[in-house]
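One structure is given below, encoded as structure tokens.
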Amino acid sequence: MAELADSHVHLDDVAFDGDRDQVIDRAMAVQVRTLLIPSVDMHSWSRIKALCTPERGLFAAYGLHPLFLDRHRDEHLAELSRWLADEPAIAVGEIGLDFHREGLDPERQRRFFRHQLNIARECRLPVIVHAREALEEVIQTLRRMPGMRGVVHSFSGSEQQARQLWDMGFHIGIGGPVTYERAQRLRRIVGSMPLEFLLLESDAPDQPDTNHRGQRNEPARIVEILRCVSQLRDDAETAIAAATTANVRRLFGLQQHVAMPAP
């Protein structure tokens, strides 16, 4: 098995409190040697900092997630800038817009999103973007910030929207949903998209693949995503693994870091 990268896993989540080290070991056992851990609110930053060490292949991203808007305060934006000035980070994230859940003020979401994009630009970092029922607005917002780099994770948009993202140099993150037969549009996109813009992700503990529906997800199951993508593209798993891992390392500037040793 070629080396794999999980471009989006919430390994700090309480769902892993009982067996986090074993979860990491299981990932290593199937060659998932790079794990990118985005934050959701200011209080998660210190947990992720303590968890992430490049020597273990664990890398931190810091941001304020739109689903947790009620936890955010305006002063947290300034705190994010200060935090990123002092702490190593591979991206600003998870940030974005979510118009699916009721009760999340759209205007306040927009303000936090735009401000964090500006922070990423100032810090010269890529962004990890959440876009649920808000992808068109996310794309238009990114268009107004040329030169921005990043990934729209858990992509669920149209072929036209995917193409607009590629044209801006953005990647799309693909996880468990692609393994579901009913996800025909997503499967068509993944089957024909330019491979240089594809990232694999677990989004664990959420979004398990079809073989583990209803269960807690974990990064070792990236191999299920790889297998599905390989079949959709009629290409070797080793080629998909090599390309998507290279994409992660290039986008997030990880070329200088040594991968986790094999178990």
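The values are calculated or read from the model by the stated rules, or taken from the named source; none is laboratory data. Predicted model, so just to flag it, every value in this text is computed and none were measured. Please note: Cβ atoms are built from the backbone with ideal geometry, for glycine as well, and neighbour counts cover all protein chains shown.
Looking for whichever is modelled with pLDDT of 95 or more, farther than 22 Å from residue 59 by Cα and not small (Gly, Ala, Ser) here; the options are 159, 218, 196, 201. Which one fits?
From the options 159, 218, 196, 201, the qualifying one is 159.
Tell me the residue from 236, 243, 204 that is more than 26 Å from residue 16 (Cβ to Cβ), in contact with an Asp or Glu (Cβ under 8 Å, 6 or more places away or on another chain) and not basic (Lys, Arg), please.
Only one candidate passes the filter, namely 243.
Kindly provide the set of residues from segment 32-47 that are assigned to a helix (DSSP H, G or I) and basic (Lys, Arg), ordered by number.
Correct list: 47 only.
As an exercise: evaluate residue 23 against (1) β-branched (Val, Ile, Thr); (2) under 23 Å from residue 223 (Cα atoms); (3) in a helix (DSSP H, G or I); (4) in contact with a strand residue (DSSP E or B) (Cβ under 9 Å, 6 or more places away or on another chain) and give the number of the one condition it does not meet.
(4)
Condition check: at pLDDT 95 or above, among the small types (Gly, Ala, Ser) and surrounded by 13 or more Cβ atoms within 10 Å (Cβ to Cβ). Does residue 61 satisfy that?
Yes: the conditions hold for residue 61.
Can you name the number of the only condition in (1) outside any strand (DSSP E or B); (2) within 29 Å of residue 5 (Cβ to Cβ); (3) in contact with a strand residue (DSSP E or B) (Cβ under 9 Å, 6 or more places away or on another chain) that residue 59 fails?
All conditions are met except number (1).
Look through 112, 68 and report the one residue that is under 25 Å from residue 207 (Cα atoms), of a type in the set (A, V, I, L, M, F, W, C), in a helix (DSSP H, G or I) and in contact (Cβ under 8 Å) with a residue 24 or more places away in the chain.
Criteria check complete, one pass: 68.
How many residues are of a type outside the set (Val, Ile, Thr) and either in contact (Cβ under 8 Å) with a residue 60 or more places away in the chain or farther than 13 Å from residue 198 by Cα (or both) if we restrict to segment 233-245?
Of the residues in segment 233-245, 6 are of a type outside the set (Val, Ile, Thr) and either in contact (Cβ under 8 Å) with a residue 60 or more places away in the chain or farther than 13 Å from residue 198 by Cα (or both).
For every residue, the table says whether it meets (1) in contact with an Asp or Glu (Cβ under 9 Å, 6 or more places away or on another chain); (2) farther than 26 Å from residue 215 by Cα; (3) of a type in the set (Val, Ile, Thr).
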residue: 16; (1), (2), (3): yes, no, no
residue: 32; (1), (2), (3): yes, no, yes
residue: 37; (1), (2), (3): yes, no, yes
residue: 65; (1), (2), (3): yes, no, no
residue: 69; (1), (2), (3): yes, yes, no
residue: 75; (1), (2), (3): no, yes, no
residue: 79; (1), (2), (3): no, yes, no
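Looking only at segment 82-104, which residues are surrounded by fewer than 17 Cβ atoms within 10 Å (Cβ to Cβ) and not in a loop (DSSP other than H, G, I, E, B)?
Once the filter is applied, which keeps residues that are surrounded by fewer than 17 Cβ atoms within 10 Å (Cβ to Cβ) and not in a loop (DSSP other than H, G, I, E, B), segment 82-104 yields 82, 85, 86.
Return the residues of segment 139-149 that are surrounded by 14 or more Cβ atoms within 10 Å (Cβ to Cβ) and closer than 15 Å to residue 118 by Cβ; say none if nothing qualifies.
Within segment 139-149, 141, 142, 145, 148, 149 meet the criteria.
Being among the charged types (D, E, K, R) and part of a loop (DSSP other than H, G, I, E, B) is the filter here; which residues of segment 140-149 pass it?
Within segment 140-149, 144, 149 qualify.
Kindly indicate whether any position in segment 32-45 is at pLDDT below 95 and over 23 Å from residue 132 (Cα atoms).
no
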